[in-house]
Amino acid sequence: MINEIFEKFEGAFAENTLLAYRSDFEQFSTWCSGRGIAPLEPSEGDIATFADTVQDRLATATIRRQIASLSTILKLSGRHDMTKAPEVILALKRMQRRKGRAQKQAVPLTRDIRDRLLTACGQDVKGLRDQVLL
């Protein structure tokens, strides 16, 4: 049944978006199968328990993305979207307070770092220094 749903999504979403939706759904579905839950008919308690259960091994952003993916799949397949239910919202808020929400920021590419990178690359990038704008 899930394959038919994803066939309907073809062309409406980018390929990478569909891959992410499928991966997120498979992880949720695997979690559900161990508990006798129908992954396309979860209750708000099921989704909240999922968020509570996986927060020890997944980043908060990953869990939020998985629940957002599930929300899209449920809505666009004509099912009731339980991801916006109070119990789920409270589970996400608990997770956020427990783990925090800040993500690791990448080091910015400054002029100094850019120049060191270009120097390290040598002749292969001769003339590129003038083309790279900061």
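Evaluating Ile67 against the criteria (1) open to solvent by 70 Å² or more (accessible area, probe 1.4 Å); (2) under 25 Å from Ile2 (Cα atoms); (3) not aromatic (Phe, Trp, Tyr) leaves one unmet condition, (1). Residues of region 63-101 that are of a type in the set (A, V, I, L, M, F, W, C) and within 15 Å of the chain's Cα centre (by Cα): Ile63, Ile67, Ala68, Leu70, Ile73, Leu92. Within region 91-108, being open to solvent by less than 100 Å² (accessible area, probe 1.4 Å) and touching a helix residue (DSSP H, G or I) at 6+ places or on another chain (Cβ under 7 Å) holds for Ala91, Leu92, Met95, Gln96, Lys99. Being open to solvent by less than 100 Å² (accessible area, probe 1.4 Å), touching a Ser or Thr at 6+ places or on another chain (Cβ under 6 Å), charged (D, E, K, R) and modelled with pLDDT under 90 is a condition met by no residue of region 113-124. Scanning region 1-47 for residues that are hydrophobic (A, V, I, L, M, F, W, C) and assigned to a helix (DSSP H, G or I) yields a total of 12.
Of all residues in region 20-57, exactly one satisfies the criterion of being open to solvent by less than 30 Å² (accessible area, probe 1.4 Å) and among the polar types (S, T, N, Q), namely Gln55. When the criteria are applied in full, Lys75 fails the requirement of being open to solvent by 60 Å² or more (accessible area, probe 1.4 Å) and either of a type in the set (A, V, I, L, M, F, W, C) or not in a helix (DSSP H, G or I) (or both).
The values are calculated or read from the model by the stated rules, or taken from the named source; none is laboratory data. Because the structure is a prediction, the values reported are computed rather than measured. In this analysis, Cβ positions are derived from the backbone assuming ideal geometry, glycine residues included, and neighbour counts consider all displayed protein chains. These accessible areas exclude ligands, DNA and RNA; they are computed on the full protein's heavy atoms, side chains included. Shrake-Rupley method; radii C 1.70, N 1.55, O 1.52, S 1.80 Å.
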